[in-house]
Structure formats: structure tokens, C-alpha cells
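Visitor: Dropping the structure in here first, questions after.
The values are calculated or read from the model by the stated rules, or taken from the named source; none is laboratory data. Keep in mind that what you see is a predicted model, and the values were worked out from it rather than measured. No Cβ is skipped: glycine too gets one built from the backbone with ideal geometry, and neighbour counts run over all protein chains shown. When the accessible area is computed, the model is the full protein with side chains, heavy atoms only, and any ligands, DNA or RNA have been set aside. Shrake-Rupley method; radii C 1.70, N 1.55, O 1.52, S 1.80 Å.
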Amino acid sequence: MSDILIAIPARYGSSRLPGKILKDLNGKPVIQHVYEACKRTGLGDVVIATESPLVVEAVAKFGATAVLTSESCQSGTDRIFEAAQNRPEKFIINVQGDEPFISTETVSAVAELLRSDPSCDISTAVFATLDDAKIDNPNCVKAVIAKDGRALYFSRSRVPYKRELTEENKKAPYWQHCGIYGYRREALERFVQLPPSPLEQLERLEQLRALEDGMTIKCVETHPTGPAIDTAADLEAAEKYSKEHQ
């Protein structure tokens, strides 16, 4: 049996676009695109963690396994922790249910980093960008990364700040964070027991809780893909992106 579990948090009651994970995207529910990308990795079992019986019923139609989790879960991380209970896997990969264009290669790279580096509590992915619109968008989270791949900080602000715009540092990329995480089981257990941290509450970024508690997050470089689905406008953009990249 594999030592990796891929868990997809799939909250039906989204505030900005209720039921977004079951919205149609080119003939399939959004969540089905995510599930199929995860299955193609061949890394191990894939489960969908949801608070809604509607999601359980819907995903069964395309052959997926869903775990009904508590409505009281405060985050996707809490939801995958519940779903991973009573399972034997050492590593749990959290792939967001609203990321229909997540690449198989990214999921595999995040899992391999976690499995191969004992110093890594949590793994995640980033990609390079020089797009000012993204860099200045607070919804595009930026990562500051050490030479060994350790995440030093995550922010909604433009970090690091380039004090002098020389020709050389104009070319230095910013690192945009992708919302995928790999956890060692013991790290996941530790994380969900921690209270929300000061920096987490300031930035509204859950991963800062782990950094503030001294946990090691390491990053792998990946490539940008299509939009995540948070709003109706995102769904329209995703439909356009999907047609252009068929």
C-alpha cells in the first residue's frame, strides 16, 4: 500500500460562489477535474473531504470516494485531517478542490519533496512571476524563499521589496504561492492543534501559523496554470482558459 494519501477538501457552502466545486466546467464538475489530475499521479488513494451529502452523491457518479466531515471544520486543513483519521498513510497531500487546472506534475513534485527530505515538515509549490498585476494583487500570495528552498515568509504584499531598481534586480522574480500542501502526518496533527497565530490573523494566511511555530515549509518550483474558482467571474475565465488550452 502507498504511504501517500491525496485529500481534496471540497466545501460546498462557499460564501462567494456556493456550490462552486459542483459547477460545470466544460462538461464536468470542477471537482472532477481536480480528482482526475490527482488520480493520474498514481501516488496513492485519492479522497474528497466535504461537509455536504450533495458532494458525496455527486462525486460517486464519477467513481470518486468522498468522506463526510464535520460542518464545524474551520479550514480545508481541518477537513483533510478529519478525512485522514484511521488511515495508515505517512504523508497527506492537500490539493484544493477549486483548482481544476492543477497539474499532475505539481502534485507529484510536492509529494516527492516531502518524501525525500526528512527536514521538511510541510511541502508546497511556487512559480516565478514578474507580472506587476499579480505581484500587487493581495489575492496572489507571495513567498520569500531561502537558498535551500525553505519558505521564510508568505505575504499578500509585494515581498521582498526591491529598494534599488537596478537592471539586475529588475529581473529577479517574485514567487507566487500555489495553494497545495504536503504534510507529514505528525506535522498535520501538530498544525491543527495550534491556535491561529498573530501573523496568520494579520495576513489571513494559514501557513504562517506553521512558520511562527517553527515548522519547516519547503517549496518546489512549478509553472502557472489556469485560474482557481472563487467567483462566477473566475468560472467564466476558467471556461475560456480551458477552451484555449485544449
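Visitor: Of all the residues that make up the stretch 111-160, how many are among the β-branched types (Val, Ile, Thr) and over 17 Å from residue 199 (Cα atoms)?
Guide: The total comes to 6.
Visitor: Could you tell me whether the stretch 3-24 includes any residue that is closer than 21 Å to residue 111 by Cα and in a helix (DSSP H, G or I)?
Guide: no
Visitor: A follow-up question, please. If only one of 77, 124 is part of a strand (DSSP E or B) and of a type outside the set (A, V, I, L, M, F, W, C), which one is it?
Guide: One residue alone meets the criteria, 124.
Visitor: Residue 143 fails exactly one of the following numbered conditions: (1) in contact (Cβ under 8 Å) with a residue 24 or more places away in the chain; (2) open to solvent by 20 Å² or more (accessible area, probe 1.4 Å); (3) over 24 Å from residue 79 (Cα atoms); (4) not in a helix (DSSP H, G or I). What is the number of that condition?
Guide: (2)
Visitor: While we're here: Failed condition for residue 189, given (1) touching a residue at least 24 places away in the same chain (Cβ under 8 Å); (2) not in a helix (DSSP H, G or I), with all others met?
Guide: Unmet for residue 189, out of (1) touching a residue at least 24 places away in the same chain (Cβ under 8 Å); (2) not in a helix (DSSP H, G or I): (2).
Visitor: Of the conditions (1) within 15 Å of the chain's Cα centre (by Cα); (2) surrounded by 24 or more Cβ atoms within 10 Å (Cβ to Cβ); (3) polar (S, T, N, Q), residue 77 clears all except one; give me its number.
Guide: (2)
Visitor: Can you say whether residue 108 is assigned to a loop (DSSP other than H, G, I, E, B), polar (S, T, N, Q) and out of contact with any helix residue (DSSP H, G or I) (no Cβ under 6 Å at 6 or more places or on another chain), as far as the supplied structure shows?
Guide: It is false that residue 108 is assigned to a loop (DSSP other than H, G, I, E, B), polar (S, T, N, Q) and out of contact with any helix residue (DSSP H, G or I) (no Cβ under 6 Å at 6 or more places or on another chain).
Visitor: Let me ask something additional. Identify, please: which residue in the stretch 192-246 is in a loop (DSSP other than H, G, I, E, B), within 19 Å of the chain's Cα centre (by Cα) and charged (D, E, K, R) and is, among those, modelled with the lowest pLDDT?
Guide: Per the criteria, the residue is 230.
Visitor: Here's another thing I want to ask about it. Would you pick out the residues in the stretch 80-105 that are open to solvent by less than 30 Å² (accessible area, probe 1.4 Å) and either in contact with a Pro (Cβ under 9 Å, 6 or more places away or on another chain) or assigned to a helix (DSSP H, G or I) (or both)?
Guide: 80, 83, 84, 94, 95, 97, 100, 104
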